[in-house]
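Worksheet: one structure, shown below.
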Amino acid sequence: MSVVFVEIVILMILIKSQKRIHRLPMLLGSFLIQMLILFLYRAELQFFWNREVHWSDAEYYWNATMRLLNEGSIEGIYNTTYVYYSYLIQRFSPFYSVFWNNISNTLLLNLAFFLSVQIFKKNLETTMTKIPYSVYFLTIANPLVIYSLMRNLKDVLFLFLTVLSVYALFALIPRNLILKTMLLIPYAFLFHTLLVNIRPWGDVIIVGNMFLFIIHSRRKSEKILFLAVFFGVIFVLAASLYTKAISWLSARDLLLEQGTGQSGWGGFLTGFGRILVGPGPIRSILGETYFQFYTYTGNASSFVGSLIAWFILPYYLTRVLLNFKRLFKQNLSQWNMYFFLILLEIIAIYSYFYGGSTELRFRGVLYVLVGISFLPTFSNMKKSGKVTITTLYSFKQSELLAYSAILFLFVVLGITNSI
């Protein structure tokens, strides 16, 4: 309970700090949607399926947590970062229940979103009236995102730690050169330990973060010093992960077969389209046919959330394509590039190793990262003054045609992926 309480307190502090750029009705609506889905999910599990916890991995993590609580043993358990996190939630709660994990995971989703907004807060306050509605609908108000990440699964913790790894560089690394250098090493090894024990490729994010951090260093002496630290960290991480990395890389063909039935570069190239478009809302309607484990709450949430994404993602692509020159002439925030790079890394990894096939829960992670990545992008789509509702949502005839074409492509590819 104390873990949940701390998360609530931090969330309240962030919301208070950001009240000028948020839409209060959208925030309240988002929280109400989250509570409704959580209530329906718990009620369905308890009274319809007669279960305390969801199936598959969610059940595995719950059993691992109970084993750690009762026996104090973690031997043979994988993805230990989430298991320890779940242990802390239960250890400091009035009674053991996976319900606390569901609440905490929902709060982590919100913390990841508001923490990312905090990074861009200063920029947003000077360029935007309020955060666009579409960002909320793709992230914390999206039923698919809420359902997929509130369950007793590791992915929302991965999302939160990913955002935290960027925020740590933004807020916690001081200007003093010596202190910067000293803190980069524990930074790298801390997030290496946390992320790799959730996803085996978690180091890719830390390496990318440190690379951008060096690129954005202003002085030549800083770049040289940071590069020395960077390559030293890379060497140590590579040596410690060599065996695991070789095993993971060698399993690529098997992973592709399991994910899409494809192998080779064909799976990689088509994976880019598949991971962005996804099967869409169609498979959610036929959950009994396509999903080994499902809930009716999950099917409905996935349907609505995927449908929303089908309209918003083409809208984002249209805006970027039509404002491409202006965006880069105005020099996007360096922190914007961190989230774009993370998004590209994940898309590349899932395209190469899984042919673009993602579990529902990781699609929730992708939607949040897309929303975060495009949030500061919108703030740079201005000719002068602040971005307004009119500039964000009005289309000229040519722009409407471009949006319609991209939307049509999304729907066609989505239907094709569903068959």
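Read-outs: derived from the displayed coordinates by stated rules, not from any lab. Source: prediction; values computed, not measured. Don't worry about glycine lacking a Cβ; one is built from the backbone with ideal geometry, like all the others, and counts go over all protein chains shown.
As a rough guide to protection, the peptides 186-194, 112-120, 83-91, 404-412 ranked by mean Cβ packing within 10 Å, highest first, stand as 112-120, 83-91, 186-194, 404-412.
Of all aspartates and glutamates in the structure, the ones whose alpha carbon falls short of 13 Å from that of Lys180, not counting any fewer than 8 places away in one chain, are Glu222.
The listed peptides 296-303, 56-63, 361-368, ordered by packing as a protection proxy, come out as 361-368, 296-303, 56-63 (highest mean of other Cβ atoms within 10 Å first). Listed by chain and number, the aspartates and glutamates whose alpha-carbon sits under 19 Å from that of Lys19, ignoring those within fewer than 8 places in the same chain, are Glu7, Glu125.
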